[in-house]
1. From B:89, B:79, which residue is under 14 Å from residue A:59 (Cα atoms), out of contact with any Phe, Trp or Tyr (no Cβ under 8 Å at 6 or more places or on another chain) and within 7 Å of another protein chain (Cβ to nearest Cβ)?
2. Mind counting the residues in the stretch B:33-60 that are surrounded by 22 or more Cβ atoms within 10 Å (Cβ to Cβ), facing chain A (nearest Cβ under 9 Å) and assigned to a loop (DSSP other than H, G, I, E, B)?
3. Could you list all residues from the stretch B:174-195 that are under 21 Å from residue B:142 (Cα atoms), outside any loop (DSSP other than H, G, I, E, B) and out of contact with any Ser or Thr (no Cβ under 9 Å at 6 or more places or on another chain)?
4. Here are the criteria: (1) over 21 Å from residue B:124 (Cα atoms); (2) facing another protein chain (nearest Cβ under 9 Å). Tell me which single one residue B:26 does not satisfy.
5. Could you check residue B:20 against (1) crowded, with 23+ Cβ neighbours inside 10 Å; (2) touching a helix residue (DSSP H, G or I) at 6+ places or on another chain (Cβ under 9 Å); (3) at the interface with chain A (Cβ under 9 Å from one of its Cβ atoms) and say which number it fails?
6. Which condition number in (1) under 20 Å from residue B:109 (Cα atoms); (2) in contact with an Asp or Glu (Cβ under 9 Å, 6 or more places away or on another chain) is the one that residue B:230 fails?
7. Restricting attention to the stretch B:240-254, does a residue exist that is open to solvent by 20 Å² or more (accessible area, probe 1.4 Å) and closer than 28 Å to residue B:178 by Cα?
8. Within the stretch B:92-107, restricting attention to residues that are open to solvent by less than 30 Å² (accessible area, probe 1.4 Å) and touching a residue at least 40 places away in the same chain (Cβ under 8 Å), which residue is farthest from the other protein chains (Cβ to nearest Cβ)?
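The values are calculated or read from the model by the stated rules, or taken from the named source; none is laboratory data. From a predicted model like this one, the values you see are computed outputs, not experimental measurements. With ideal geometry, Cβ positions are generated from the backbone for all residues, glycine too; neighbour counts draw on all protein chains shown. When the accessible area is computed, the model is the full protein with side chains, heavy atoms only, and any ligands, DNA or RNA have been set aside. Shrake-Rupley method; radii C 1.70, N 1.55, O 1.52, S 1.80 Å.
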Amino acid sequence: MMLIVNGEPEDCPATTLAELLIALEYEGDWLATAVNGDLVHREDRPRHQLKQGDRIEILSPMQGG
Amino acid sequence: MPLTLYDIEVSSRLLLGTARYPSPAILAEAIRRSGTEILTVSLRRETAGGKAGGAFFQLVKDLGMHVLPNTAGCHSASEAVLTARMAREIFSTNWIKLEVIGHQDTLQPDVFGLVDAARILNQEGFQVFPYTTDDLVVGEKLLAAGCSVLMPWCAPIGSAMGPQNKTALRAMRAEFPDIPLIVDAGIGRPSHATTVMELGYDAVLLNTAVAGALDPPMMAQAFAGAITAGQKAYQAGMLEPRDMAVPSTPVIGKGVFA
């Protein structure tokens, strides 16, 4: 299904957010995820069902002032 | 005297940003020589399979400091609120340096969005460090929204101009005598930091002034000394300037030769 991941279109067979992260080779406990503007907690990713056109943000730490 | 920021007590009056250093090693050395106990960090999109965020996350963990995530780059209250929630997910802290930018060129805070976002985040249990202006009314509204710390700019972010309106900063100190006040932006030189500490500010948050120096660790150390000097001067009680000279050597008992 077509998703928007970090602003880019992505055609991915994943049905849950956790599956999407695995399919796109995201790993580590330093990631935060949001779907359509709402935070999805780490522990909720395996049961968070994705829908066609969902906008997914995957953020990680970086340097900041 | 320690400084209490929400439920955390720190000795250092310097909060240090982690961006724009020439290398992670230089960042770590600057942190060490600054004596800081609080680091600001941020969040950005991670590329698929990317490990950059993980490396920085590990560096921050290894440094063992208090972490103050920011919402830099957010231009609306809703964007800042979501970023804060995501920061809490990663860093496991209720602290958030709340930035809602309102002007592209000056990076002046959108104080209306700032107050809205602060209200939401405080209700969700965040401990908000709002990047604000030196406007007293905005300060009052941020406190009413639940903030217990205020972080006014003294000049635009990264401008290095130093305090542009000492009268306003002085008024803010007088208006909020019991609220920790941290100058967040616009400091360029150690003397600027001394100046705001002499005005009674509780701490200074720096990034570019240290990271952009030719020798960031040495500059971090210079700022640490300057901040301590200003803090001690404020506590010691400084003389007020006067128009006429006053002899420093007593004239009583002086020899008379005429």
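1. Of B:89, B:79, the one residue that is under 14 Å from residue A:59 (Cα atoms), out of contact with any Phe, Trp or Tyr (no Cβ under 8 Å at 6 or more places or on another chain) and within 7 Å of another protein chain (Cβ to nearest Cβ) is B:89.
2. Adding up the residues that qualify gives 1.
3. Of everything in the stretch B:174-195, those that are under 21 Å from residue B:142 (Cα atoms), outside any loop (DSSP other than H, G, I, E, B) and out of contact with any Ser or Thr (no Cβ under 9 Å at 6 or more places or on another chain) turn out to be B:174, B:175, B:181, B:182, B:183.
4. Condition not satisfied by residue B:26: (2).
5. For residue B:20, the exception is condition (1).
6. Result: residue B:230 fails condition (1) only.
7. Yes, the stretch B:240-254 contains at least one residue that is open to solvent by 20 Å² or more (accessible area, probe 1.4 Å) and closer than 28 Å to residue B:178 by Cα.
8. Only one residue tops the list, namely B:95.
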